[in-house]
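Peer 1: Next up is a structure, given as structure tokens.
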Amino acid sequence: MVKYWISEIFTSIQGEGEVIGTPSNFIRLAGCHLRCIWCDTKYAWHKYDGEEMSIEQILDKIDKRIKFTTITGGEPLLQDILPLVEALKSLNHKVLVETSGTIKPSKKLRELVDIFSVSPKLSNSGYKFKYNFKDDNWVTYFKFVIVNPLEDIQEIIRFIRENNIEPSKVILQPDGRKENYTEGLRELIDIILKLGIPFRVLPQFHRIVGIQ
């Protein structure tokens with residue numbers, strides 16, 4: 001029987017990315033191989049802090065009325081999520097996978113998942129880029145957390161050039177720890193307009209309205 005280490009399962013709205021505002025089930029897998037400085041889900045870093053659950057147990061905990069499910073982490077691709085995705089698709093769910101992009105999904109998984117939301121980590125996370133997306137089109141969109149706007153955006157520009165990424169796939173969002181979140185959004189907007197680059201600036205909706 002296939003089992004997964006699960007940190008939490010809940011239902012809310014998607015707070016970020018292209019599907020912001022969409023009602024979604026969330027399945028947060030436990031375990032992550034990164035330790036980002038600004039991570040807001042440190043409780044999901046360690047696999048054994050989670051609960052081992054079968055696919056049937058997981059499906060029992062989601063809201064069947066909502067046909068949209070986000071698989072997140074931690075880093076969900078550390079576990080073989082293909083059987084879980086297959087089970088969700090059999091229920092006619094649209095599936096979004098949130099990942100750092102450090103682990104490439106299998107061809108079969110790429111065919112089944114509707115949306116891959118990829119968050120490569122900038123130097124502000126405590127890591128350096130170790131990604132290669134050149135001539136590889138499996139990512140739906142890229143999300144970047146911006147801590148030091150001018151430095152971070154220049155790093156992103158270098159990254160997309162090196163990897164042949166369309167600028168329109170890039171979404172920027174302020175560091176959620178910022179005291180004045182609205183000011184952080186305005187700052188990003190000003191810089192993007194000044195540079196004349198077609199990156200999108202979007203909030204993390206849950207930061208604004210205070211939901212999970």
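Quick note: the coordinates plus some simple rules give every number you see, no bench work behind them. Just so it is clear, the model here is predicted, and its values are computed rather than measured. With ideal geometry, Cβ positions are generated from the backbone for all residues, glycine too; neighbour counts draw on all protein chains shown.
Peer 1: Given the rule -39500 (n - 2.57) for each run of at least 4 DSSP H residues, summed and divided by the residues of the chain, what is its mean residue ellipticity at 222 nm, to the nearest 500 deg cm²/dmol?
Peer 2: Calculated at 222 nm, the ellipticity per residue is -7500 deg cm²/dmol.
Peer 1: Going by average Cβ neighbours within 10 Å, how do the peptides 84-97, 177-190 rank, with the highest at the top?
Peer 2: 84-97, 177-190
Peer 1: With unit charges on the beta carbon (Lys/Arg positive, Asp/Glu negative), name the residue among 148, 82, 70 whose Cα is farthest towards the positive pole of the charge dipole of the chain.
Peer 2: So the residue furthest toward the plus end is 82.
Peer 1: Taking Cα atoms, how many degrees apart are the long axis of helix 181-195 and the longest axis of the chain, rounded to 10 and kept between 0 and 90?
Peer 2: Its long axis makes an angle of about 60 degrees.
Peer 1: For region 3-209, what is one quarter of the convex hull surface built on the Cα atoms, given in nm²?
Peer 2: 11.0
Peer 1: Report the far tail of the P(r) of region 141-190, meaning the percent of Cα-Cα pairs longer than 17 Å.
Peer 2: 33
Peer 1: Hey, could you grab the Kirkwood Rh for region 1-124? Inverse mean 1/r over distinct alpha carbon pairs, Å, one decimal.
Peer 2: Computed over Cα pairs of region 1-124, the Kirkwood hydrodynamic radius comes out at 14.6 Å.
Peer 1: A 18 angstrom limit on the alpha carbon distance is what I want to check against. Which of 47/104; 104/130; 64/107; 3/47 exceed it?
Peer 2: Checking Cα-Cα distances, 47/104; 64/107 exceed 18 Å.
Peer 1: According to the Kirkwood expression over distinct Cα-Cα pairs, how big is the hydrodynamic radius of region 11-61, in Å?
Peer 2: One decimal place: 12.9 Å for the Kirkwood radius.
Peer 1: Sorted from fewest to most neighbouring beta carbons within 10 Å, what does the list 1, 53 look like?
Peer 2: With the sparsest Cβ surroundings first, the list reads 1, 53.
Peer 1: Could I ask something else about it? Every cysteine in the chain with no other Cys Cβ under 4.7 Å from its Cβ, please list them in numeric order.
Peer 2: By the Cβ distance rule, which asks for a partner under 4.7 Å, the isolated cysteines are 32.
Peer 1: Rg (Å, one decimal) plus Dmax (Å, integer) for the alpha carbons of region 44-96?
Peer 2: Cα radius of gyration and Dmax of region 44-96 are 11.3, 31 Å respectively.
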